[in-house]
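**Student:** What follows is a single structure, and I will ask about it in a moment.
The values are calculated or read from the model by the stated rules, or taken from the named source; none is laboratory data. Keep in mind it's a predicted model, so treat the numbers as computed, not measured. In this analysis, Cβ positions are derived from the backbone assuming ideal geometry, glycine residues included, and neighbour counts consider all displayed protein chains. Each accessible area value is taken on the protein alone, full model and side chains, heavy atoms only, with ligands, DNA and RNA left out. Shrake-Rupley method; radii C 1.70, N 1.55, O 1.52, S 1.80 Å.
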Amino acid sequence: MSAELIKGSEISKQIKEELKVEIANLKEKHNIIPGLATVLVGDNEASKVYVGAKEKACKELGIYSERIDLPGNTSETELLSLIDKLNNNPKIHGILVQLPLPKGINETNVLYAIDPSKDVDGFHPVNVGKMMLGEPCFLPCTPNGILELLRRTNTETNGADVVVVGRSNIVGKPIANMLVQKKGGNATVTICHTGTKDLASHTRRADILIVAVGKPKAITGDMVKEGVVVIDVGVNRLESGLCGDVDFDSVKEKAKAITPVPGGVGPMTIVMLMKNTVQSAKMHGGII
Ligand code: NAP
């Protein structure tokens with residue numbers, strides 16, 4: 001078997017087209033322009049690329065974007081004061097502080113300072129708690145993008161055995177939580193991590209395998225069963241180029257479907273951020 005590719009690059013384009021229509025309607029019928037503020041502190045090269053990609057997506061879709069670049073020696077107090085201003089700025093519906101922040105700034109304090117109604121990254125504990133309870137909230141972008149990939153490829157999660165490898169707060173824990181909810185997931189979910197005994201005995205049971213470990217090619221063909229659907233979240237920069245956390249060549253021979261790296265989960269993360277910003281603009285505008 002050679003797997004079908006789950007092309008996040010194409011699915012994200014479809015979602016962008018849907019968003020363009022929604023954004024044009026919001027402007028025409030309600031005079032609302034969704035606005036996103038991106039805050040970058042310091043000069044981390046990877047962060048600059050991520051923020052640039054988010055700005056570009058805003059422009060493409062007609063979302064107002066405000067980019068604030070601060071020097072690496074910015075104090076936590078200065079950053080908190082900026083967040084306070086953005087919380088109170090009616091043109092801004094979403095606030096994204098690019099992580100990681102320079103040493104000396106407490107990330108938790110900064111993330112907690114963002115108004116939960118503008119927390120389009122879905123990292124504020126109010127949104128994390130609501131997600132856990134299955135209540136409407138901003139869902140974190142990468143896991144929400146994974147759900148969207150599963151939905152739009154008609155991958156059945158109801159009753160499926162899902163194995164998530166990795167338990168980070170931004171990918172592993174939230175995607176496991178979202179898939180275990182009765183509504184929208186209803187899967188039987190196992191979460192694996194470095195404390196897991198015999199990882200392969202778990203991954204081999206998976207109907208859907210989601211891997212977010214940050215280790216190149218950590219999952220190999222002998223660790224999966226025939227017909228599995230594989231979502232590879234990993235982005236590893238090797239001399240030979242980008243690669244995922246899954247050994248694509250050996251796993252694709254057994255999988256029914258698999259996300260490529262690049263062009264799989266990555267483009268979905270950005271488009272889900274845009275979707276959350278539009279949703280926030282609608283909420284702030286009293287439309288939903
Ligand atoms: P992270 O915070 O580094 O967490 C990695 C998790 O994997 C940890 O829970 C760790 O277990 C577990 N782990 C590491 N090695 C393992 C192994 N050999 N066996 C089992 N579990 C293992 O990672 P993250 O932030 O979730 O990111 C993971 C990957 O996804 C990275 O490559 C990152 O660049 C990528 N990523 C991509 C996107 C995107 O938009 N495409 C978004 C976010 C992240 P312990 O908890 O026991 O340490």
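**Student:** When the chain is fully extended, how far beyond the present Cα-Cα distance does Lys27 get from Thr194, taking 0.36 nm per residue of separation?
**Tutor:** 55.3 nm
**Student:** Take every Cα pair under 8 Å in the chain that's 6+ residues apart, average their separations, divide by the length, and report that relative contact order as a whole percent.
**Tutor:** So the answer I get is 22 percent.
**Student:** Let me ask another. Given the protein chains as shown and a 1.4 Å probe, how many square angstrom of Asp249 are accessible, to the nearest 10?
**Tutor:** 100
**Student:** Under 22 Å between alpha carbons, and skipping anything fewer than 8 positions from Lys85 in its own chain: which lysines qualify?
**Tutor:** Within the straight-line cut-off, Lys85 pairs with Lys54, Lys118, Lys282.
**Student:** Continuing with this model, one more query. What's the angle, to the nearest 10 degrees (0 to 90), between helix 141-152's Cα axis and the longest principal axis of the chain?
**Tutor:** 60
**Student:** Calculate the spin-label point distance for Lys91 paired with Lys20, positioning each point 7 Å from the Cα along the beta-carbon direction, and give it in nanometres.
**Tutor:** 2.5
**Student:** A further question follows. Among the DSSP beta bridges whose two residues both lie in segment 1-130, what percent are antiparallel, rounded to the nearest 5?
**Tutor:** Here the share of antiparallel DSSP bridges comes out near 0 percent.
**Student:** Hey, another quick one. Which FRET efficiency value, to the nearest 0.05, do you get for Val49 and Thr220 by plugging their Cβ-Cβ distance into 1/(1 + (r/R0)^6) with R0 = 35 Å?
**Tutor:** For Val49 and Thr220, the calculated efficiency is 0.75.
**Student:** I've got another one for you. Does segment 81-222 classify as rounded, prolate or oblate by the C-alpha gyration tensor (a ≥ b ≥ c root eigenvalues; a/c under 1.5 gives rounded; else a/b over b/c gives prolate, otherwise oblate)?
**Tutor:** Prolate, because a/c is 1.5 or more and a/b exceeds b/c.
**Student:** Take every Cα pair under 8 Å in segment 141-266 that's 6+ residues apart, average their separations, divide by the length, and report that relative contact order as a whole percent. Mind showing how you got there, number by number?
**Tutor:** Values: 269 pairs, mean separation 27.0, N = 126.
Contact order relative to length: 21 percent.
**Student:** Separate question: Using protein chains only and a probe of 1.4 angstrom, how many square angstrom of Ser117 are accessible, to the nearest 10?
**Tutor:** Taking all protein chains as shown, Ser117 has close to 40 Å².
**Student:** Need the full-extension length gain, Leu70 to Asn186, defined as separation in residues times 0.36 nm minus the C-alpha distance. One decimal, nm.
**Tutor:** So the extension gain works out to 37.5 nm.
**Student:** Residues of the chain: accessible area per residue at 1.4 Å, in Å²? Show your work: numbers first, answer last.
**Tutor:** Working: 13760 Å² over 288 residues.
Computed with neighbouring chains in place, this is 48 Å² per residue.
**Student:** Moving on to the next point. Which shape class applies to segment 1-88: rounded if a/c is under 1.5, otherwise prolate when a/b exceeds b/c and oblate if not, where a ≥ b ≥ c are the square roots of the Cα gyration tensor eigenvalues?
**Tutor:** Taking the square roots of the gyration eigenvalues as a ≥ b ≥ c, segment 1-88 is oblate.
**Student:** Note the full-extension length gain between Asn154 and Leu99 as 0.36 nm times their separation in residues minus their Cα-Cα distance, in nm to one decimal.
**Tutor:** 16.5 nm
**Student:** So what is the 222 nm mean residue ellipticity for the chain from helices alone, if each DSSP H run of at least 4 adds -39500 (n - 2.57) and you divide by all residues, rounding to the nearest 500 deg cm²/dmol?
**Tutor:** -12500 deg cm²/dmol
**Student:** For the chain, which whole-number percentage of the solvent-accessible area (1.4 Å probe, protein heavy atoms only) is attributable to carbon and sulfur atoms?
**Tutor:** 52
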